[in-house]
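Below is one structure, written out as structure tokens; comments come after it.
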Amino acid sequence: MALFEIKDLTFTYPDADKPALSHLNFTVEAGDFVVICGKSGCGKTTLLRHFKTVMTPYGKREGEILFCGEKLEEVPVRTQSGEIGYVLQSPDNQIVTDKVWHELAFGVENLGYDQQTIRLRVAEMASFFGIQNWFHKNVEELSGGQKQLLNLASVMTMQPKVLVLDEPTSQLDPIAAAEFLSTIRKINLDLGITVIIIEHRLEEVFPMADKVLVLEDGKKQFYDEPRKVGTALADDDLFLAMPSPVQIYNATGQVGECPLTVCEGRNWLQEHFLPQEPTPEPDAERKKADGQTPAVEGKELWFRYEKEGKDIVKDLSLQVKKGELYCILGGNGTGKSTTLSLLSGIHRPYRGKILLNGKDLRKIGDKELFDHFLGVLPQNPQTLFVRDTVQEDLEEMLPKLMPRKEREEKLQKVIEDTEIGHLLKMHPYDLSGGEQQRTALAKVLLLEPQILLLDEPTKGLDGFYKYKLGGIFKRLLAQGITIVMVSHDIEFCATYGDTCAMFFDGGIVTACSAREFFTGNSFYTTTANRMARGLYPDAVIVKDVIEKCKENRRQA
């Protein structure tokens, strides 16, 4: 039986020039695992919000949505609340209570269940999701990944028929993301719960899908099995978002059956390509002059949020050279974002020293610090938005006394680089997660900083725009600008990073060139490396594997 039927759905936001969704027709069967993908701003989140009437955005809607054969708007709100579970893109927007256990109980309490049932369901979900250790914590103490797990557990206490998830792994580290998605798949297979999920990081979730829906400009481009969609997108911009095995398969002639997973990819490589001994290659990384003053330096930093609390940052020392992209990777809750807050001066270490371009951060005033010197992009881009439109938000970053022509030139340059020209009239809060990320980055770039501190800058971005963002970073680095980036995006760091550092238990365990970093890891490495290391140990990114394959094809 069809759980959802979408019939000729068209939706237009107020004052918008064109529909956000246009004539969509598709069916989601009970028990399906459906992945929705597409470029940032293609209408994915808008579509997901139509699966629950209380989430439906304001605007003009045409067409029908049926839930279990009944028009969705005629399904009682209580029924929708219990049977349609929704996990938002930003976990902070969904959490409504102060304690973890309060949050777990909140949904079932509001549905009117008795205390015994509530206690049983809360206990079951806390055990299933491994929440026991932080069951009594304040919600504000949780990392972004823990908050997302809490959101999912809270929804599951209501025993829904369908889970609707909007980029649930965007704030999770690679290991936690894989575990989270495995949990979702287990819920789907073992409990028969239908899953509809938006994801930009498709490496893990793509092979799990029964169907993949590809949207472009609000229209359905494909709705089919993953292998068919992967090969059909070979000449499309969205192909850059496809899993590494799919990209490698298409770029090497589509021989045999398209692999989707690392295991399938390894077997496919061994069947069609010859091994090659690793050859030492000249270090292609951008060379920096020895003895040059580091752009960013931390010396034996210690920090805790409360006087009697535990240390979050412990004896941390790091050096970032001028003009390099320094990527900090590691698990959720290890202190990465806290470290960025120290480097930006938001918090101060109780021991140790921070130097920016050789100058003690404590001796730099706020005006000097943020005037063409330091730019900061926080994990939540909404904290940067203060105006009613994107255009106004950007304009407020420029001095009022700046000549009009110069203002227009600076604005136009940043707008073109970040590709947000079509968003200028919109309210920043009406944008998708990826669009908000690009708009926030545009605001920061207007400061023309010498040093950029970025917390998860690729969050919410599709593969195509990540490629564009990588180009922006390259241009900034060529101008001598230094970028320090906290990220869970292994593929992006491997492709564009100069130095990659592993953060663990409040400090940096190791820091080395991106190639050296990723060839030595089992989990914190790229899908392409895990897939090809048996044949090509020094191949790290998709491009490396493709080149090796072209050189070592087996003769028929």
**Study point:** Rg(Cα) / (2.2 N^0.38 Å) computed for segment 304-356, rounded to two decimals
**Key:** 1.19
Study note, to complete from the structure: With the charge dipole of the chain built from beta-carbon charges (+1 for Lys and Arg, -1 for Asp and Glu) about the Cα centre, the Cα from Val262, Thr439, Ile196 projecting farthest to the positive end belongs to Thr439
Review point. So if we plug the beta-carbon distance of Thr383 and Glu408 into 1/(1 + (r/R0)^6) with R0 = 30 Å, what FRET efficiency do we get, rounded to 0.05?
Key: 0.65
**Study point:** From the coordinates shown, Rg and Dmax of the Cα atoms in Å corresponds to which of [x] 24.1, 71; [y] 29.2, 95; [z] 28.5, 99
**Key:** [x]
Review point. Under a Cβ-Cβ cut-off of 14 Å, what is the net charge of the residues other than Asn151 that fall near it, where Lys and Arg count +1 and Asp and Glu count -1?
Key: -3
Point to revise | Relative compactness, segment 419-546, computed as alpha-carbon Rg over 2.2 N^0.38 Å | key: 1.17
Point to revise | 1.4 Å probe accessible area per residue over segment 284-402, in Å² | key: 55 Å²
Practice item. Assuming R0 = 51 Å, can you tell me the calculated FRET efficiency for the pair Thr231 and Leu401, based on Cβ-Cβ distance, to the nearest 0.05? Key: 0.35
Review point. Hey, rough spin-label estimate for Lys307 and His23, points 7 angstrom out along Cα→Cβ, what's it come to in nanometres?
Key: 6.9 nm
Check your understanding: Rounded to the nearest 20 Debye, what is the dipole magnitude of segment 442-556 about its Cα centre when Lys and Arg each give +1 and Asp and Glu each give -1 at the C-beta?
Key -> 500 debye
Review point. How large is the charge dipole for segment 92-153, taken about the Cα centre, if only the Cβ atoms of Lys, Arg (+1) and Asp, Glu (-1) carry charge, to the nearest 20 debye?
Key: 140 debye
Check your understanding: Going by a ≥ b ≥ c, the root eigenvalues of the Cα gyration tensor, does segment 265-417 fall in the rounded group (a/c under 1.5), the prolate group (a/b larger than b/c) or the oblate group?
Key -> oblate
**Study point:** Label point 7 Å beyond Cα of Gln159 along Cβ direction - residues of segment 92-131 with amide nitrogen under 11 Å
**Key:** 117-118, 121
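Over segment 1-155, calculate the relative contact order: mean separation of alpha carbon pairs under 8 Å at least 6 apart, over the residue count, as a percent.
On the way: 195 pairs, mean separation 32.8, N = 155.
In percent, rounded to a whole number, it is 21.
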Check your understanding: Counting only heavy atoms of protein chains, what accessible area per residue, in Å², does segment 167-269 have with a probe of 1.4 Å?
Key -> 37 Å²
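For segment 418-556, what does the accessible surface come to per residue with a 1.4 Å probe? Please give it in Å².
Numbers: 5050 Å² over 139 residues.
That works out to 36 Å² per residue.
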Exercise for review: Sticking with the crude label model, points 7 Å out along Cα→Cβ, report the distance from Ala123 to Tyr467 in nm, one decimal please.
Suggested key: 5.4 nm
Check your understanding: So, with +1 on the Cβ of K and R and -1 on the Cβ of D and E, and no other charges, what is the size of the charge dipole of the chain about its Cα centre, to the nearest 20 debye?
Key -> 1040 debye
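Would you mind calculating the gained length between Asn552 and Gln276 on full extension (0.36 nm times residue separation, minus the Cα-Cα distance), in nm to one decimal? All intermediate terms of the calculation are to be shown ahead of the outcome.
Working: separation 276, 0.36 × 276 = 99.36 nm, distance 0.75 nm.
Taking Asn552 through Gln276 to full extension adds about 98.6 nm, to one decimal.
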Point to revise | Cα lying deepest toward the dipole's positive end in the chain, options Val75, Ala209, Ile346, charges on Cβ | key: Ile346
Review point. Is any helix in the chain, taking whole DSSP H runs, at least 24 angstrom long along its axis by alpha carbon and on average at least 0.5 on the Kyte-Doolittle scale, and which ones?
Key: 174-191
Practice item. Place a label point 7 angstrom from the Cα of Lys367 along the Cα-to-Cβ direction, then list the residues of segment 375-418 whose backbone nitrogen is under 19 Å away. Key: 375, 397-402
Review point. Which residues make up the longest stretch of the chain that has no chymotrypsin sites (Phe, Trp or Tyr not before Pro) in a DSSP loop with at most 15 other Cβ atoms within 10 Å?
Key: 351-522
Revision key, fill the gap. Classified through the alpha carbon gyration tensor (a ≥ b ≥ c as square roots of its eigenvalues; rounded if a/c is under 1.5, else prolate when a/b is larger than b/c, else oblate), segment 36-166 comes out oblate
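Using a 1.4 Å probe on the protein chains only, how many percent of the accessible area of the chain belongs to carbon and sulfur?
Details: 12220 of 25130 Å².
Carbon and sulfur together cover 49 percent of it.
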Check your understanding: Rounded to the nearest 500, what is the chain's calculated 222 nm mean residue ellipticity when only DSSP H runs of at least 4 contribute -39500 (n - 2.57) each, over all residues?
Key -> -10000 deg cm²/dmol
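The values are calculated or read from the model by the stated rules, or taken from the named source; none is laboratory data. These numbers were taken from a predicted model, which means no experiment stands behind them. Cβ coordinates were reconstructed from backbone atoms using ideal geometry, including for glycine residues, and neighbour counts include every protein chain displayed. Heavy atoms of the whole protein, side chains included, go into the accessibility calculation; ligands, DNA and RNA do not. Shrake-Rupley method; radii C 1.70, N 1.55, O 1.52, S 1.80 Å.
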